[in-house]
1. Given a 1.4 Å probe and the protein chains all in place, what does the accessible area of Lys149 round to, in Å² to the nearest 10?
2. Using a basic spin-label model with each label point 7 Å from the Cα along Cα→Cβ, how many nm lie between Thr297 and Trp426?
3. Sticking with the crude label model, points 7 Å out along Cα→Cβ, report the distance from Asp57 to Glu360 in nm, one decimal please.
4. When ligands, DNA and RNA are left out and all protein chains stay put, how many square angstrom of accessible area per residue does the range 290-483 have with a 1.4 Å probe?
5. Using label points projected 7 Å from each Cα along Cα→Cβ, tell me how many nm separate Gln150 and Glu380, to one decimal.
6. Heavy atoms only, 1.4 Å probe, whole protein assembly: order Arg161, Arg268, Arg412 by accessible area, highest first.
7. All other residues with a Cβ under 13 Å from the Cβ of Ile156 taken together, and with Lys, Arg as +1 and Asp, Glu as -1, what is their net charge?
8. Quick one: length gained pulling Gln245 to Ala445 fully straight, 0.36 nm per residue minus the C-alpha distance?
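The values are calculated or read from the model by the stated rules, or taken from the named source; none is laboratory data. In this text the structure is predicted, and so the values were computed from the model without any measurement. Virtual Cβ from ideal backbone geometry, glycine too; neighbours counted across all protein chains shown. Quick note on the areas: whole protein, heavy atoms, side chains included, nothing else; ligands and nucleic acids left out. Shrake-Rupley method; radii C 1.70, N 1.55, O 1.52, S 1.80 Å.
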Amino acid sequence: LQAYERRFPTCPLIPMFVASDTVNEYKSEDGSIHVIERRCKLDVDAPRLLKKIAGVDYVYFVQKNSLNRRERTLHIEAYNETFSNRVIINEHCCYTVHPDNEDWTCFEQSASLDIKSFFGFESTVEKIAMKQYTSNIKKGKEIIEYYLKQMEEEGITFVPRWTPPVACKLESSTSHTRQPVSPAINIPDSATKEVVNNKEILNTSSSPSEPTAGTPDDKLDADYIKRYLGDLTPMQESCLIRLRQWLQETHKGKIPKDEHILRFLRARDFNIDKAREILCQSLTWRKQHQVDYILDTWNPPQVLQDYYAGGWHHHDKDGRPLYVLRLGQMDTKGLVRALGEEALLRYVLSINEEGLRRCEENTKVFGRPISSWTCLVDLEGLNMRHLWRPGVKALLRIIEVVEANYPETLGRLLILRAPRVFPVLWTLVSPFIDDNTRKKFLIYAGNDYQGPGGLLDYIDKEIIPDFLGGECMCEVPEGGLVPKSLYRTAEELENEDIKLWTETIYQSASVFKGAPHEVLIQIVDASSVITWDFDVCKGDIVFNIFHSKRAPQPPKKDTLGAHSITSPGGNNVQLIDKVWQLGRDYSMVESPLICKEGESVQGSHVTRWPGFYILQWKFHSMPACATTNLPRVDDVLASLQVSSHKCKVMYYTEVIGSEDFRGSMTSLESSHSGFSQLSAATTSSSQSHSSSMISR
């Protein structure tokens, strides 16, 4: 038990255990009971994207240790403090003496995890939690042995049992109580010397806002500051000079302008070390992806020019460039399918680069520093289809890139005509946005923007767009549905020249007559959830789900020699061996679903058994008319359209390995089924353990 206590306040064998503070402590008068409660700070090994969504870098747990020296037991209870309204984690450990051999110590451990909701990433959180918990269990014995060995090296090989103390010893026995550990605090020196332009400046911690002493060479020209940078305190001016000088001495390549350096300093409250870190990361990113030349070398695809409902529109009352985005009129799924995330991100970057250029122009026009722009977002028409899961993921990644590389560029965000579904989107997006940026948001529901404190407070009446009741014609595209004929396969999207991201959401496959495409999914735990989302790009197919207790042979791509057809636009993998018999070697777990060309299908299946599940897309042959041997007109037209007996699908699958998810199946269905409906004509097919939806 003494070895266990050495884990606090930190433990080098548990890197994720950053620190702990004692929040409560109790000792009985005879010293037999010792209860100590600590608040533990953990750096969970989670993807940076998830931490950004959650809005935290660390998570906190409360651990209560109850030591009973009389009974020779130690009970440990722990629960999460962070996100306790979304995730409930309880853990209980117990050290006791073996009933048959009092020289042996018994250890028992149990834990429970209940994920109520987590921004749509419940399955990811579950995997991370299970991974961390499994890792900690494996390390438990190793950690105890480490501290036992440490005690032996210090000469401690035996600890006498507790006995009721004599009264006179009570005071001395409590004098060795470990004091609470407080987090380290950076206390500035009374005077620190800082170098500015090779001159020494004396900063006193007692008056950080007072002018800094130095020669005239240490300062920027007052007219220059007023004209291009805005109000700066001497300390802020000093930070700008020092960071710019450091860049000139160490950074190889183009040095950003003072206005841009200042944005990174403001984003980190003029903490030079933090600002330098994010600025260097941004400069490296810009160089790697040639962002400085994006306006000159990249032309947006025509589909963006036609269907991306956003554009620049004059300026606001403060002289900031005004960008108008009609998000409610935009087909996010269609744009992702037609362009991919690469082109969408590049287009957003070009908008931000154009914004920087317009800020410089307006600074010259208005004669005062303008370093940010105003964005007006019209949500008229926003509905559940905009919450299509891959589209939201793409949006979150775009926000992450913009936040990291264009800080303090958004002066104000006006959100107009927010519908009832807006809080759902806001819940997903807001954790990605910096706190300082969130303070610049103004949200209006319905026609509230037309009343006092509305749009007229920020934009001149003469330039209010016509679609908002103004008189100014706005040349922003109206958006609308992207034709499915413009959708491209994952392989086509991978041929982009510059990759800003490496992952793609969808895969494409070719399906031939007699050669279906199959995907293998191994399920370890029953009651896992298999989800799918696919588009039938060409031809008609039959979608099946099979289960087998044994693994099929390693997947092999069909050579298609019998068909004499090549497959340049997608792969074709067959898993079910020709000697396998349905009902003996594998079974069908869902009724076949016939999907027509142009349909979008989303669904899920809750698995009943562990084993191997096979998703199959099979060529669908039109049945001949039952009353005549003559082919129907529809059959003839279909045969002309699919003369090569070839179909093409784009698909996305995911496994959510959580039994708890069955209790919130509506949440699961909401992540795909309803969001990608782009028209009113919708049919659905559902069984007891699955849900599928088709959008025509």
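1. Solvent-accessible area, nearest 10 Å²: 120 Å².
2. 4.1 nm
3. Calculated label separation equals 3.3 nm.
4. 41 Å²
5. Label at Gln150, label at Glu380, 6.6 nm between them.
6. Working: Arg161 135, Arg268 85, Arg412 40 Å².
So, going from the largest accessible area down, we get Arg161, Arg268, Arg412.
7. Numbers: positive: Arg6, Lys149; negative: Glu5, Glu152, Glu153, Glu154.
Taking every Cβ under 13 Å from that of Ile156, the sum is -2.
8. The span from Gln245 to Ala445 would gain 67.3 nm if fully extended.
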